[in-house]
1. Is at least one residue of region 245-260 within 16 Å of the ligand (Cβ to nearest atom), β-branched (Val, Ile, Thr) and open to solvent by less than 10 Å² (accessible area, probe 1.4 Å)?
2. Give region 21-52 a look and list any residue that's within 17 Å of Glu87 (Cα to Cα) and open to solvent by 20 Å² or more (accessible area, probe 1.4 Å), or say none.
3. Inside region 107-122, can you point out the residues that are of a type in the set (A, V, I, L, M) and open to solvent by less than 70 Å² (accessible area, probe 1.4 Å)?
4. Of the residues Thr257, Thr270, which is in contact (Cβ under 8 Å) with a residue 24 or more places away in the chain and either farther than 25 Å from Gln46 by Cα or more than 18 Å from the chain's Cα centre (by Cα) (or both)?
5. Given (1) modelled with pLDDT of 95 or more; (2) within 16 Å of the ligand (Cβ to nearest atom); (3) more than 15 Å from the chain's Cα centre (by Cα), where does Tyr195 come up short, assuming only one miss?
6. Among (1) closer than 16 Å to Cys34 by Cβ; (2) in contact with a Ser or Thr (Cβ under 7 Å, 6 or more places away or on another chain); (3) in a helix (DSSP H, G or I), where does Glu83 come up short?
7. Can you name the number of the only condition in (1) modelled with pLDDT under 95; (2) more than 16 Å from the ligand (Cβ to nearest atom) that Thr328 fails?
8. Looking at Leu129, Leu147, Leu100, can you tell me which residue is part of a loop (DSSP other than H, G, I, E, B) and either at negative phi or open to solvent by 20 Å² or more (accessible area, probe 1.4 Å) (or both)?
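The values are calculated or read from the model by the stated rules, or taken from the named source; none is laboratory data. The shown structure was predicted, so the numbers you read here are calculated from the model rather than taken from an experiment. Ideal geometry is used to build each Cβ from the backbone, glycine not excepted, and the neighbour counts take in all protein chains shown. The accessibility values were calculated without ligands, DNA or RNA, using every heavy atom of the protein model including side chains. Shrake-Rupley method; radii C 1.70, N 1.55, O 1.52, S 1.80 Å.
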Amino acid sequence: MPMTDQLLQDKFGRVIRDLRISVTDKCNFRCFYCIPDEDIVWKRRQDLLTYEEIIQLAEIAVSLGVEKLRLTGGEPLLRKDIEFLIERLAKIAGVKDLALTTNADGLKDRAATLRAAGLTRLTISCDSLKPEVFKQITRRDSLQAVLDGIDATMTAGFAPPKINCVVIRGMNEDEVADFADFARTSGVAMRFIEYMPLDNAHQWDKSMMVSGREIIERIEARHKLVPLHKDNPSETALKFGFADGAKGEIGIIAPVTQAFCGACSRLRLTAEGNLRTCLFSMTDYNIRDRIRRGDSRDELAQFMIDTVLKKEEGHRINEPDFVQPPRTMVFIGG
Ligand code: SF4
């Protein structure tokens, strides 16, 4: 079968439609659950994929059925001239959605140029609306910069951004109803995420996780919610609107208590050029060195196809044999 007719499909019949591309491992925040505060061994520049290599791999992936590209990091806005990469990716025929996930530090001055470059959506990470708790989690005093970034996103003409909030017991579970108020006034789409065992200290414990069900209960103690329809089956969030018609949206991403692996359509590309078939995969598939040794387009495409055939059925967080992957989120890209 000609390469162009092939799809990235795993042995469970799931078709890959989303490629998450980490463009750097570097970050200017130090979220305690993601990155150690010091002694971080960053990747060497020459080990990172160049923009041309990222574009080549994205073109191949799109030719094999991928429709959505998401740029991640570390913090993608730290990578120089990312607007150039966005412009090139936006021009790839077949790309239906080009999104970026950011901690929004510095976004205030970049939202308009990102929009002009062709970015379609922004997702912003924000785990607290209290400056002291924000600082405790991120080890940065940057809450106001993040809020300014959220405003700038909408001023620049983007749809109201998704706000990713990792809910951790004893840190910010008391704020979920406040975030719901924030969604009602700003119109943003909240995405509350159950805390997953991907922390850099490998100290995750289920008792630190706040379940999606509890998050809904905490919000409904203040605002009644109504379920919303999923745009597509592989969407990770359970979505809700406010029963009183207020603007804003509530999304629950519950990988631990309500896993959504059965409809997973995601493949990841790390900053240094490894394909990852699952967030919790224990294996990396190096495609960078294949590009650099001169593999043809078809050989690279075949490598992607073969790699996806090895995609895990799902995470095994709730299984006795679960092993936390050595990579933390900053080196995967979310
Ligand atoms: S845990 Fe792995 S298989 Fe499950 S949804 Fe996430 S990436 Fe997909």
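1. yes
2. Thr50, Tyr51, Glu52
3. Step one: of region 107-122, the residues of a type in the set (A, V, I, L, M) are 107, 111-112, 114, 116-117, 119, 122.
If the condition is that a residue be of a type in the set (A, V, I, L, M) and open to solvent by less than 70 Å² (accessible area, probe 1.4 Å), then Leu107, Ala111, Ala112, Leu114, Ala117, Leu119, Leu122 are the ones that fit.
4. Working: Thr270 fails: either farther than 25 Å from Gln46 by Cα or more than 18 Å from the chain's Cα centre (by Cα) (or both).
Of Thr257, Thr270, the one residue that is in contact (Cβ under 8 Å) with a residue 24 or more places away in the chain and either farther than 25 Å from Gln46 by Cα or more than 18 Å from the chain's Cα centre (by Cα) (or both) is Thr257.
5. Of everything listed in (1) modelled with pLDDT of 95 or more; (2) within 16 Å of the ligand (Cβ to nearest atom); (3) more than 15 Å from the chain's Cα centre (by Cα), Tyr195 misses just condition (3).
6. Condition not satisfied by Glu83: (1).
7. The single condition Thr328 does not satisfy is (2).
8. On the way: Leu147 fails: part of a loop (DSSP other than H, G, I, E, B); Leu100 fails: part of a loop (DSSP other than H, G, I, E, B).
Just one listed residue meets the conditions, Leu129.
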